Amino acid sequence: MEQREITDILISVITISLAFSIPFFQDFFKILLTVGVGFVLHELGHKYTAIRYGCHAFYKMWVEGLVLALGLAFITGGQFIFAAPGATYIYKQNMTRRENGIISLAGPVVNIFLGLLFFYLAIATPWKDLGALGFRINIFLALFNLLPIPPLDGSKVFGWNKTAWGIFFGVCVLLFFFPQLL
């Protein structure tokens, strides 16, 4: 990973963590851990899946998206956050729709897996608050990213395989709205 990419990821993680911790910043370090881990591993899921398919992939922050996230969080007192800090850019000649769909699905799958790990922390360890927060954030990240709206991951997954999209989106909806089903 290049230094610029690492810098972009760190700036994005800190900015998004600040946005999620508004209005009082009291849970900033919990949010940094839960959002930071979820965000970084989501993007690395895309990157390394893309590399597996022979693509060139790198993360680039979106300054306007970071400013928008902070601005909306401040304006709404933390009630609404539009989290679009950047993206993993992927290049390959003749990438198939299947490859693009699988690469796009990798990030949300990472968030689902992390959400389940955090759920375990919430029910089986003394770190219940951290686990519950990490569960909610990671399942939210997966659900949001799976919306079938361009340029979100869900639009590419939906374009590749509607059944795969429906299964993963449905799992996220159930986990987000009905975590007691676990």
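For A132, the conditions (1) over 20 Å from F178 (Cα atoms); (2) under 17 Å from the mean Cα position of the chain (by Cα) all hold with the exception of (1).
A Cβ distance below 8 Å, combined with a sequence gap of six or more or placement on separate chains, defines the contacts here; from the stretch 59-71, residues that are touching a residue at least 24 places away in the same chain (Cβ under 8 Å) and crowded, with 17+ Cβ neighbours inside 10 Å reach residues that are among the charged types (D, E, K, R) and not in a strand (DSSP E or B) in the pairs Y59/E5; Y59/D8; Y59/E43; Y59/K47; M61/D8.
The set of residues in the stretch 25-40 that are surrounded by fewer than 18 Cβ atoms within 10 Å (Cβ to Cβ) and touching a residue at least 40 places away in the same chain (Cβ under 8 Å) comprises D27, L33.
Cβ-Cβ contacts under 9 Å between residues 6 or more apart (or on different chains), taken from a first residue in the stretch 1-23 that is under 17 Å from L41 (Cα atoms) to a second residue that is in a helix (DSSP H, G or I) and of a type in the set (F, W, Y), are listed as I9/F39; S12/F39; V13/F39; I16/F39; S17/F28; S17/F29; S17/F39. With respect to being in contact with an Asp or Glu (Cβ under 7 Å, 6 or more places away or on another chain) and touching a residue at least 12 places away in the same chain (Cβ under 8 Å), N161 falls outside the description.
Could you say whether any residue in the stretch 43-51 is polar (S, T, N, Q), crowded, with 20+ Cβ neighbours inside 10 Å and either in contact with a strand residue (DSSP E or B) (Cβ under 9 Å, 6 or more places away or on another chain) or not in a loop (DSSP other than H, G, I, E, B) (or both)? I'd like the intermediate steps shown before the answer.
First pass over the stretch 43-51, keeping only residues polar (S, T, N, Q): 49.
Subsequent filtering for residues that are crowded, with 20+ Cβ neighbours inside 10 Å retains 49.
If we keep only those that are either in contact with a strand residue (DSSP E or B) (Cβ under 9 Å, 6 or more places away or on another chain) or not in a loop (DSSP other than H, G, I, E, B) (or both) too, we end up with 49.
Checked the stretch 43-51: at least one residue is polar (S, T, N, Q), crowded, with 20+ Cβ neighbours inside 10 Å and either in contact with a strand residue (DSSP E or B) (Cβ under 9 Å, 6 or more places away or on another chain) or not in a loop (DSSP other than H, G, I, E, B) (or both).
Out of the residues in the stretch 125-150 meeting the condition of being within 18 Å of F168 (Cα to Cα) and among the β-branched types (V, I, T), tell me which one is surrounded by the fewest Cβ atoms within 10 Å (Cβ to Cβ).
Looking at residues that are within 18 Å of F168 (Cα to Cα) and among the β-branched types (V, I, T), I get I149.
Selection of the stretch 72-124 for residues being surrounded by 19 or more Cβ atoms within 10 Å (Cβ to Cβ), over 25 Å from V173 (Cβ atoms) and at pLDDT 95 or above yields I90, E99.
The values are calculated or read from the model by the stated rules, or taken from the named source; none is laboratory data. Quantities reported herein were computed from a predicted structural model and do not represent experimental measurements. Note that each Cβ is placed from the backbone with ideal geometry, even for glycine, and that neighbours are counted across all protein chains shown.
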